[in-house]
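This report refers to the structure that appears directly beneath it.
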Amino acid sequence: MAESTSEAERDAGVTEREATVPVPGAAAGGPISHAIFRLARLHRMFAGQLLRRIGLHPGQELVMMHLWELGPQRQIDLVRLMDSDAATMTRTVRRLEQAGFVRRRPSPTDKRASLIEPTAASHALRQEVERVWIQLEDISATGFSDEERADALAVLERLEHNLVRADARASEPDRDIDTDTDTER
């Protein structure tokens, strides 16, 4: 694996690796997809390290962010907000409940449903979660100018838009995903 170091990193004794996962030949037709895989894996790893320090696992902080922002939610609404599945959300909510960060209460409008709401303990956690996300952003975008940060965000949003659009098309009856005929940009 190739290694490169900047002058500042050499002075600090820091070695930077260019890539952590070699690109297998079978992935040669999808270099962007492979780069997304590598980036997502590393990002989740760093998020996990930072979140563990405050008693959370990756993904739990996102549920908490929605609850802090929107207030109590039905679990099915959290599933939709997070684009998750019911089983994963059940485990996440259960773990957050065991940690004392959320509680369930009966829905006043639907006797069959409960609302998941943040606890006072979770409100104390909010500042720590925000600090972790700032730290994760700094780790991820170190050395980027404001313009480069904006450009990176625009590219990521475009990639997400492409995948969301492809997913919507794949959901249409009797339709295959055909990116070759899509000229919309």
| remark: Surrounding charge for residue 134, neighbours by C-beta under 15 angstrom, Lys/Arg +1, Asp/Glu -1, total -1
| task | Please work out the ratio of the alpha-carbon Rg of region 46-185 to 2.2 N^0.38 Å and round it to two decimals. | result | 1.30
| Can you run phi through the Karplus equation (6.51, -1.76, 1.60; θ = phi - 60°) for region 156-166 and list ³J(HN,Hα) in whole Hz, with x for Gly and Pro? | 4, 5, 5, 4, 4, 4, 4, 5, 5, 5, 5
| field | Computed label-point distance, nm, for sites residue 80 and residue 152 using a 7 Å Cα→Cβ extension | value | 3.4 nm
| Estimated distance in nm for a label pair at residue 88 and residue 68, the labels positioned 7 Å out from Cα along Cα-to-Cβ | 2.2 nm
| field | Inter-probe distance in nm under a simple model that places probes 7 Å from Cα toward Cβ, at residue 23 and residue 37 | value | 1.2 nm
| For region 92-148, what D do you get in µm² per second when you plug the Kirkwood radius from alpha-carbon pairs into Stokes-Einstein at 37 °C and 0.692 mPa s? | 236 µm²/s
| Packing-wise, with mean Cβ within 10 Å as the measure, how do 80-86, 122-128 rank, highest first? | 122-128, 80-86
| field | 5 angstrom amide H check on residue 114, placed H, neighbours 5+ away | value | 75, 107
| query | In a shell of Cβ-Cβ distance under 13 Å around residue 48, excluding residue 48 itself, what net charge do Lys and Arg (+1) and Asp and Glu (-1) give? | reply | +3
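Read-outs throughout are calculated quantities, based only on the coordinates presented, and are distinct from any laboratory measurement. What you see is a predicted model, and the numbers here were worked out from it, not measured in a lab. Cβ: placed from backbone, ideal geometry, glycine included. Neighbour counts: every protein chain shown.
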